[in-house]
Amino acid sequence: KEEAGQAISAAREKGYGSVGELWRRARVTTAALKVLADADAFGSLGLDRREAMWAIRALGHNGGETAQGLPLFAAADTRHPPSMAAPVADNEPKVTLPVESDGEAVANDYTTLRLSLKNHPLTLLRGVMDGVGVTRNETLVECANGAAVTVAGLVLVRQRPGSANGVIFVTLEDDTGVANVIVWPDAFARFRKIVLSARLLRIDGTLQREGIVTHVIAKRIIDMSDHLDALGTGAAVGSTETARPKRLAPANPRRHPRDNHIRIASRDFH
């Protein structure tokens, strides 16, 4: 919450030496700290997502608990510089936690932030995409008009303008750029559920170029969202293991991880 962020900023002074010190000085709840840990916000303290969460677990069992009941620790923070011995709450034995895989890190970033600066999901799935002949979006400008192509990417936009006579426009993003896909009404009728719900789409179709505008006319539409889910399990990229996946999108299947950027232009999608 905004007030928690303001409290952390106000108490920062010359910086925090540990999660426990931040908790005591800013007097925010452990629940607020967990939100920050989930978002991988403690890197400046040398802690990754799991290490930060481990440190928060040592502070209190109640998500609403603050450090207001720990005046001795607060006084110790005031009297001793960070280079001296830390209060007892920060002196837990060192543990070695499992390191997040690249896929888990990206999945967790998308779950909390709706984006990731570590990797694009399609970078991690590039071997899978190459295996089914997917063309990188950046190279579509080099393809001949009328060429058969296969593209894939995260669904950024689905829209059906009222003036388009039932035509649906889908924008797919891979790690190299975007592909603009046209889904004619007959194709939509065959693949309606996939078009409306998939978060990662593969499109087999025909490239159409008019001047500088390039589209792919969809002939076959395949839902590849299970590969996104597999990234969050820590399984090897390309593995068929999808048990207990971490979804990269909210529970509502019509909303993409980048749901803040989705525009639905027709009530027919509801």
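A few remarks follow.
Conditions tested, residue by residue: (1) over 15 Å from V155 (Cβ atoms); (2) touching a helix residue (DSSP H, G or I) at 6+ places or on another chain (Cβ under 8 Å); (3) at pLDDT below 80.
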{"site": "V195", "(1), (2), (3)": "no, yes, no"}
{"site": "T206", "(1), (2), (3)": "yes, no, no"}
{"site": "V216", "(1), (2), (3)": "no, yes, no"}
{"site": "K219", "(1), (2), (3)": "yes, yes, no"}
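- Cross-chain or 6+ apart pairs with Cβ under 7 Å, the stretch 139-157 first and at negative phi and open to solvent by 40 Å² or more (accessible area, probe 1.4 Å), then among the hydrophobic types (A, V, I, L, M, F, W, C) and at pLDDT 95 or above: N145/L207
- Criterion: modelled with pLDDT under 55 and not hydroxyl-bearing (S, T, Y) - qualifying residue of G238, G234: G238
- Residue check, G166 open to solvent by less than 60 Å² (accessible area, probe 1.4 Å), out of contact with any Leu (no Cβ under 6 Å at 6 or more places or on another chain), in a loop (DSSP other than H, G, I, E, B) and farther than 14 Å from P121 by Cα: yes
- Test: residue in the stretch 105-112 that is farther than 30 Å from L59 by Cα and not acidic (D, E): no
- Residue ID - surrounded by the fewest Cβ atoms within 10 Å (Cβ to Cβ), chosen from residues in the stretch 1-58 that are touching an Asp or Glu at 6+ places or on another chain (Cβ under 6 Å) and closer than 26 Å to K118 by Cβ: S18
- Whichever residue in the stretch 99-120 is of a type in the set (A, V, I, L, M, F, W, C) and part of a helix (DSSP H, G or I) and, among such residues, is surrounded by the fewest Cβ atoms within 10 Å (Cβ to Cβ): L113
- Taken over the stretch 174-196, the criterion of being open to solvent by 30 Å² or more (accessible area, probe 1.4 Å) and either hydrophobic (A, V, I, L, M, F, W, C) or touching a residue at least 40 places away in the same chain (Cβ under 8 Å) (or both) is satisfied by D175, T176, V178, W184, A189, F191, I194.
- In the stretch 121-142, residue farthest from I212 (Cα to Cα) [restricted to those that are within 19 Å of the chain's Cα centre (by Cα) and part of a helix (DSSP H, G or I)]: L124
The values are calculated or read from the model by the stated rules, or taken from the named source; none is laboratory data. Keep in mind that what you see is a predicted model, and the values were worked out from it rather than measured. Counting neighbours? That spans all protein chains shown, and the Cβs are built from the backbone with ideal geometry, glycine included. The area values use the complete protein model at the heavy-atom level, side chains included, leaving out ligands, DNA and RNA. Shrake-Rupley method; radii C 1.70, N 1.55, O 1.52, S 1.80 Å.
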